[in-house]
Every structure is written in structure tokens, then in C-alpha cells.
Amino acid sequence: PSLLPAGLPQSGWPAMPAPAPSLPMPAGALPRLGYGTGTFWGHYRTGVPKTEVNPALVAAIRSAIAAGVRHIDCAEMYGSELSVGEGIRQAIAAGEITRPELWVTSKALNESKESAATLRAACAGSLQRLGLEYLDLYLLHSPFGAPEGDDRHGEAELSAERQQQIWGWMEALHADGLARHIGCSNHRVSDLQHLCATASVRPAVNQVEFNPLLLGATEPLLAFCKAEAIVVEAYSALSSLVYDGAKGNAALDAAVERIAAALGRSAASVLLRWNLHKGTVVISTSTKPARVEEALGVFEFELSEGQIAEIDGAAREGKVHKQFWQKSIAKQ
């Protein structure tokens with residue numbers, strides 16, 4: 001059933017203000033739609049070794065840039081940096097883009113947090129593989145890592161003092177111009193509080209899983225980040241489209257489909273637009289150029305307050321689907 005007040009037609013709701021296509025940052029503008037290179041393009045999915053260039057990803061990067069993508073999201077863990085770098089190199093050589101027009105992000109492995117030297121080496125390695133002189137944004141991939149003096153693994157809970165020490169090493173990378181902005185991924189409110197307590201350069205971004213299925217669970221984190229002027233980047237924005245009935249939310253699916261039909265848009269476009277209305281930067285991806293062009297079209301239409309309320313209400317009625325970062329926030 002519709003969540004709109006009785007007797008009020010959908011057209012009676014005002015449209016929400018159009019989300020800006022980019023956010024002003026201290027060193028450039030952050031495009032609010034980024035092309036992710038993990039979900040489909042990680043070496044663990046493609047089978048292409050980390051040390052080799054994947055021609056399909058090179059072609060996808062070229063195609064995405066040609067379509068208008070100006071934000072590319074990478075991580076050392078994905079093993080896709082060589083291919084992304086080659087795609088960027090070819091696009092620049094062909095005169096299709098200039099380096100200042102691109103926003104490129106990468107992320108440090110948890111194992112890179114052993115020392116200032118290992119973190120710097122990780123950043124330098126990403127730059128070398130990408131063929132770039134600087135990153136627009138460098139993130140700590142998660143709040144976990146190796147405790148001081150223990151390099152056996154990167155999945156341990158870190159003390160506040162250890163997290164603050166590691167953040168100091170990130171600030172040194174920023175000061176030296178290797179990363180124009182620094183931030184986090186998968187960090188909980190408590191982790192961000194630890195960093196902000198002593199930071200000279202506060203986290204610019206926290207990239208987390210966010211979609212309607214995580215709306216209720218994520219609201220405290222969104223509120224904290226908004227209060228602290230930390231940009232939230234959302235990955236897995238379209239997850240609700242791929243879950244079956246046992247894991248998904250039928251009411252949400254129906255609401256999104258109704259709204260998509262009314263607007264003449266796809267369900268994926270509606271979900272991306274909803275995410276933007278929540279104030280996030282969205283990281284999405286596809287192996288199909290037509291889907292990338294469709295995603296870029298989210299700035300061409302609007303959702304009304306009623307449509308957003310309908311999605312919100314349906315999302316809150318369903319159970320929360322817990323993936324990586326949602327599991328971690330339960331530890332607070």
C-alpha cells in the first residue's frame with residue numbers, strides 16, 4: 001500500500017531539490033557519481049592476476065570516461081589499479097580527458113597499517129600502478145588492521161590510540177601531496193570519533209555500504225558524518241535489486257517499481273537518485289556501457305518528497321540485510 005496521506009495524489013508532493021552533480025572540496029570538486037572497480041572488476045571475480053592488465057576493464061574505463069564519468073574508485077585489494085591506470089593513460093593520450101578533470105580514489109589494505117613506512121609504500125604502489133603523481137582521495141579500507149608489533153593479519157580491532165597513530169601517517173601522505181584528500185571506508189561512528197579527536201586533517205570521506213535496506217541502521221552514522229562535515233560515499237547502492245525474497249524486501253521492491261514506472265525510469269535509476277537525495281556520493285558500476293550512461297542520467301529527473309517517503313517507509317518495514325560494514329557497526 002502507498003504510504004502517502006489519504007487523498008493526496010503523488011503530484012501534490014513537491015519535488016526535492018535537485019542534488020548537485022559534484023561537491024566542492026578543498027582541492028577540487030568531487031563528482032557525486034563514481035565508477036567502482038571492485039564489484040565486477042576485482043581480480044577475485046575476473047580471474048585476471050593483479051600483475052596483469054585486464055583489457056576488458058581498460059575498455060570499460062575508456063567507455064565510462066567517454067560517457068562522462070569523471071570519478072573512478074579503486075582499491076589495492078581489488079587488484080584492478082593497473083588496468084584502471086592503463087585506461088586513464090589511453091584516454092589522456094587520446095585527448096579525451098585531462099588529469100585535473102578526473103577524481104581518482106584508492107584505498108590502503110589493512111595490512112598496510114603496520115608502520116608509517118608500509119602505509120607510505122602502499123600509497124606509492126597504488127600511484128605507480130595507476131600511473132599517477134597524486135590521488136584525489138586515499139582511504140583506509142577499514143578500521144581494522146594489525147596491532148602494533150603484530151604483522152600477522154589485518155583483521156584485528158585497533159585501539160583508539162593505534163587508530164590515531166595510523167591517521168597521523170595518513171596526514172603525512174596528505175602533507176607530502178601524495179593524496180589531496182584523505183578519508184576512511186567502512187568506519188563506524190566510534191572509529192570516526194577516535195580519528196576526529198586528534199586529527200589535524202579530518203577525514204574528508206567515509207565510504208560505506210548504503211542502500212534502503214540499511215536505512216535505519218545507517219542513520220546514526222549519516223547524522224554523525226553530516227555534523228562533522230564528512231562526506232558519505234555509498235557502495236552497494238543497488239543491492240536491493242539483486243536479493244531474492246528470502247533476503248530482500250518485497251514492499252521496497254514494489255515501491256521502487258511503482259515510482260520507476262511513474263517516472264519512466266529504471267528501478268536502478270530510482271535507487272541511485274534516492275541515495276543522492278540522502279546526501280551521499282554514490283559509487284556504482286556495470287560491465288555494460290548502456291547502464292553507465294543510464295546511471296549518469298540520474299541528474300536529469302527528480303523524486304518528490306512523497307516518493308522518497310514511500311521508499312523510506314517500505315525500507316523501514318523490512319529486515320536489515322547485514323554485510324561487511326553493517327556487521328562491524330554491531331560491535332559498537
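Relative to the Cα centre, the charge distribution of the stretch 172-285, modelled as +1 at Lys and Arg Cβ and -1 at Asp and Glu Cβ, gives a dipole magnitude of about 240 debye. Of all DSSP beta bridges confined to the stretch 57-165, the antiparallel ones make up roughly 10%. For the chain, the mean residue ellipticity at 222 nm estimated from helices alone is -12500 deg cm²/dmol, where every DSSP H run of n ≥ 4 contributes -39500 (n - 2.57) and the total is divided by all residues, rounded to the nearest 500.
Between Ser185 and Leu140, Ser142, Gln207, the built amide H atoms are under 5 Å apart, and every one of these is 5 or more places off in sequence or on another chain. Taking 0.36 nm per residue of separation and subtracting the current Cα-Cα distance, fully stretching the chain between Ala156 and Glu133 would add 5.1 nm.
Using the 1.4 Å probe convention, the accessible area of the chain works out to 42 Å² per residue with neighbouring protein chains retained. Taking the 1.4 Å solvent-accessible surface of the stretch 189-324 as the whole, the part contributed by carbon and sulfur is 53%.
Computed from Cα atoms, the angle from the helix 189-198 axis to the main principal axis of the chain rounds to 50 degrees.
Taken one residue at a time, the phi angles of the stretch 56-72 give Karplus couplings (6.51, -1.76, 1.60, θ = phi - 60°) of 5, 6, 4, 5, 5, 5, 4, 5, 5, 5, 4, 6, x, 5, 10, 9, 10 Hz. Gly and Pro are set to x. Compute the label zone of Arg89 within the stretch 52-66: residues whose backbone N is under 14 Å from the point 7 Å along Cα-to-Cβ. Inside the label zone: 52-55, 58-59. Taken along the Cα-to-beta-carbon direction at a fixed 7 Å, the label points for Lys226 and Val189 span 1.4 nm.
Of the residues Thr46, Ala250, Gly168, the one whose Cα sits farthest toward the positive end of the charge dipole of the chain, with +1 on the Cβ of Lys and Arg and -1 on the Cβ of Asp and Glu, is Ala250. Between the listed residues Val208, Ala295, Ser106, the Cα displaced farthest toward the positive end of the dipole of the chain, a dipole computed from Cβ unit charges relative to the Cα centre, is found at Ala295. Against the set (1) 1.04; (2) 1.02; (3) 0.97, the structure's computed Rg/Rh (Cα atoms, Kirkwood Rh) falls on (3).
The HN-Hα couplings worked out from phi for the stretch 213-230 by the Karplus form 6.51 cos²θ - 1.76 cosθ + 1.60 (θ = phi - 60°) are 5, 10, 4, x, 5, 8, 4, x, 5, 4, 5, 5, 4, 4, 5, 9, 6, 9 Hz, whole numbers, x standing for Gly and Pro. Note that the stretch 40-94, at 4 °C in a medium of 1.567 mPa s, gets a Stokes-Einstein diffusion coefficient of 116 µm²/s from its Kirkwood radius over C-alpha pairs. Once the Cα atoms of helix 250-263 and of the chain are each reduced to a long axis, what angle between those two axes, in degrees from 0 to 90 to the nearest 10, is obtained? Roughly 80 degrees between the two axes.
When DSSP beta bridges are limited to those with both residues in the chain, what percentage is antiparallel, rounded to the nearest 5?
Roughly 20 percent of the beta bridges in the chain run antiparallel, per DSSP.
The values are calculated or read from the model by the stated rules, or taken from the named source; none is laboratory data. Model, not experiment: these values are computed from the prediction. Heads up, the Cβs are rebuilt from the backbone with ideal geometry, glycines too, and the neighbour counts pull from every protein chain shown. With ligands, DNA and RNA removed, areas are computed over all heavy atoms of the protein, side chains included. Shrake-Rupley method; radii C 1.70, N 1.55, O 1.52, S 1.80 Å.
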